[in-house]
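Worksheet for the structure shown next.
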């Protein structure tokens, strides 16, 4: 009798396990199908800027020495040693805030200030970026500003963290220089259309190329830092 009851319990246990496996398998299939459907929807609504691609490395190779000369010529006469000293220089600087065209990132080793000429140039780049998207009927995106004015103490902290681009005589010390991420963008318009980050990078790159050709900026393509390193010239 006990053996018969045990057999029944074992059969019920097997059936229960089989049922659970079936349920989990069905849920997994539905999740996979849902994920595939979402991917397909994004691919079906992907749009692109029709501009011609170019080599960022070849076009944006303005050297540190060249950018430093421009920074010293039109930037702060004396780079701030620390945040307190930078605060006392705010009459010479302009606060940079997020707007419709770009987002000032959560800065850890810099503060959101630029000299007026550099602040105006950042605005011009933002407007140019938005203009290309609008003229081509593309959804509106924002790019990210990832580094702005750095103090001497900020540079030392970056060097300690192992950042090889944190040179002692950084252009960022003069308030003339800012970095723009080229693999991070924020979609603003609520549409079903999307753009690939590589294509948005091309839009931003085209704006910078136009500004560089106009003699307004120097640009260095920072591959490891994934950003465009920009110094205003005038």
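Every read-out reported here was derived from the displayed coordinates using simple, explicitly stated rules and does not represent laboratory data. Not measured: the values here are computed from a predicted model. Every residue, glycine as well, gets a Cβ built from its backbone with ideal geometry; the counts of neighbours run over all protein chains shown.
Scaling against 2.2 N^0.38 Å puts the C-alpha radius of gyration of the stretch 80-234 at 1.04. Averaging the Cα positions of each part gives two centres, and for the stretch 96-161 and the stretch 205-223 these lie 14 Å apart. Exposure proxy ranking for 227, 171, based on other Cβ atoms within 10 angstrom of each Cβ and starting from the fewest, stands as 227, 171. Remark: the residue 224-residue 52 segment gains 59.5 nm on full extension, using 0.36 nm per residue and subtracting the alpha carbon distance. Legend: ranking of residues 195, 89, 46 from fewest to most surrounding C-beta atoms inside 10 Å; resulting order 46, 89, 195.
Remark on the stretch 128-213: ratio of C-alpha radius of gyration to 2.2 N^0.38 Å is 1.34. Relative to the 2.2 N^0.38 Å rule of thumb, the stretch 191-234 has a C-alpha radius of gyration ratio of 1.36.
Listed from fewest to most Cβ neighbours within 10 Å, the set 125, 155, 217 follows the order 155, 125, 217.
Let me test this: with uniform point scatterers at the alpha carbons of the stretch 87-133, what is the Debye-based log₁₀ I(q)/I(0) at q = 0.18 1/Å? Summing over Cα pairs of the stretch 87-133 leads to -0.60.
With 5 Å bins beginning at zero, the pair-distance distribution over Cα atoms of the stretch 59-102 amounts to 5, 16, 18, 17, 19, 20, 6, 1 %.
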